[in-house]
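Engineer: Mind having a look at this structure? Questions to follow.
The values are calculated or read from the model by the stated rules, or taken from the named source; none is laboratory data. Only a predicted model underlies this, so the values are computations on that prediction, with no experimental measurement involved. Here the Cβ is made from the backbone with ideal geometry for all residues, glycine too, and neighbour counts use every protein chain on show. Accessible surface is based on the protein model in full, side chains and every heavy atom, while ligands, DNA and RNA are left aside. Shrake-Rupley method; radii C 1.70, N 1.55, O 1.52, S 1.80 Å.
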Amino acid sequence: MNNPQLNKHGELQHLLSTEGLPVSILRDILDRTASFVNVAAGSEIKKVPLLHGKSVFNLFFENSTRTRTTFEIAAKRLSADVVNLNIGSSSSSKGETLLDTVDNLCAMHADMFVVRHSQSGAAHLIARHVAPRIHVINAGDGRHAHPTQALLDMFTIRHYKKEFHNLRVVIVGDILHSRVARSQIHALTTLGVPEVRVIAPRTLLPACVERLGVHVYHDMLQGLREVDVVMMLRLQNERMQGALLPSAQEYFKYYGLTQEKLALAKADAIVMHPGPMNRGVEIDSSVADGTHSVILPQVTFGIAVRMAAMSMLAGK
Ligand code: CP
């Protein structure tokens, strides 16, 4: 089957999901990211001209702090012209369809769209619709995928752990509603992590999740043992229908990461979270702000990862 993310030469045309991306492309993005980490405020090199003359449109139909802002910073560091469409005051509130909005922005000579949408498949829909010279990046669609989050997570793991082939990684929390978890699992297994675990109550796991190549645990005290990397997830209350949990307090008791539970992981384990965090629900403040936490470095690496993805899409 054709991969909608690749052109006929096998090069990245759109970045929609980590599922189905060849390991060579994943590694290429991580290697490029390393070269962009130093193009930053405080360093000698503040900008590179790789996207000079290109227009990047940020279309965020759902709220975002980290993804939208780091895409904007990344595009500006690549010297692109950046347009942040204010969806609340755009004509989508007057009934304009998503594809009509996109057609109008294409008429303004858009070169790249960065799309976040509550509907799974929205970025794919735009990618299928636009002319081949235009590139689409999925910045999170429903519960389906969030590829640049997973890529910045992979870069963070490689930064601290150097290799993937000797790691035990666990993802903890609301796997069922998490686009981040899905993208992380595909990226981790493609990059050769030999043991990927998930820990969640039965009500927060997708059916047949084992088919993704993960080991399932319901008991945090078992699943955290001897892991190298702990990736925490937020309860995605906005995507839950009905009560899947007794209460936030009960959830924290069994699935919240505390110092005591973290002591079951390896002594040099790192703790990650894509944000936004709910302190006291999935993670205790002493862990979020503690010495094992790499949560804020994840955010910083997000800029370089997004520079890498955009420059690769632009063929630079
Ligand atoms: N991790 C993440 O996607 O955060 P935002 O919703 O703030 O972009």
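Engineer: Look at L188 and say whether it is part of a helix (DSSP H, G or I), in contact with a Lys or Arg (Cβ under 9 Å, 6 or more places away or on another chain) and touching a residue at least 24 places away in the same chain (Cβ under 8 Å).
Structural biologist: In short, no.
Engineer: If you don't mind, another one. With V198, V209, V180 as the choices, which residue is in contact (Cβ under 8 Å) with a residue 24 or more places away in the chain, crowded, with 22+ Cβ neighbours inside 10 Å and away from the ligand (no atom under 16 Å from the Cβ)?
Structural biologist: After ruling out the rest, the residue left standing is V198.
For (1) of a type in the set (A, V, I, L, M, F, W, C); (2) under 27 Å from I295 (Cα atoms); (3) without any contact (Cβ under 8 Å) to a residue 24 or more places away in the chain; (4) in contact with a Cys (Cβ under 9 Å, 6 or more places away or on another chain), each residue gets a yes or a no:
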site	(1), (2), (3), (4)
T101	no, no, no, no
S118	no, yes, no, no
I126	yes, no, no, no
P132	no, no, no, no
N138	no, yes, no, no
H146	no, yes, no, no
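Engineer: In segment 49-72, how many residues are among the basic types (K, R) and more than 8 Å from the ligand (Cβ to nearest atom)?
Structural biologist: So the answer is 1.
Engineer: While we're here: Which of (1) modelled with pLDDT of 95 or more; (2) within 23 Å of Q149 (Cα to Cα); (3) over 19 Å from the mean Cα position of the chain (by Cα) does M240 not meet, given it meets every other one?
Structural biologist: Unmet condition: (1).
Engineer: Tell me the residue from E226, E282 that is touching a residue at least 24 places away in the same chain (Cβ under 8 Å), open to solvent by less than 40 Å² (accessible area, probe 1.4 Å) and out of contact with any helix residue (DSSP H, G or I) (no Cβ under 6 Å at 6 or more places or on another chain), please.
Structural biologist: Going through E226, E282 in turn, the sole match is E282.
Engineer: Considering only residues of segment 133-156 that are among the aliphatic types (A, V, I, L, M) and within 11 Å of the ligand (Cβ to nearest atom), which is nearest to D174 (Cα to Cα)?
Structural biologist: A150
Engineer: Moving on to the next point. Among residues belonging to segment 33-69 that are in contact with a helix residue (DSSP H, G or I) (Cβ under 6 Å, 6 or more places away or on another chain) and open to solvent by 40 Å² or more (accessible area, probe 1.4 Å), point out the one that is farthest from T101 (Cα to Cα).
Structural biologist: Out of the qualifying residues, it is V37.
Engineer: Evaluate the following for I175: is it part of a helix (DSSP H, G or I), more than 14 Å from the ligand (Cβ to nearest atom) and either among the hydrophobic types (A, V, I, L, M, F, W, C) or over 22 Å from the mean Cα position of the chain (by Cα) (or both)?
Structural biologist: Spelling it out, it is not the case that I175 is part of a helix (DSSP H, G or I), more than 14 Å from the ligand (Cβ to nearest atom) and either among the hydrophobic types (A, V, I, L, M, F, W, C) or over 22 Å from the mean Cα position of the chain (by Cα) (or both).
Engineer: Name the pairs: first residue in segment 288-305 and in contact (Cβ under 8 Å) with a residue 60 or more places away in the chain, second residue charged (D, E, K, R), Cβ to Cβ under 6 Å, at least 6 apart or on different chains?
Structural biologist: From segment 288-305, the pairs are V299/R66.
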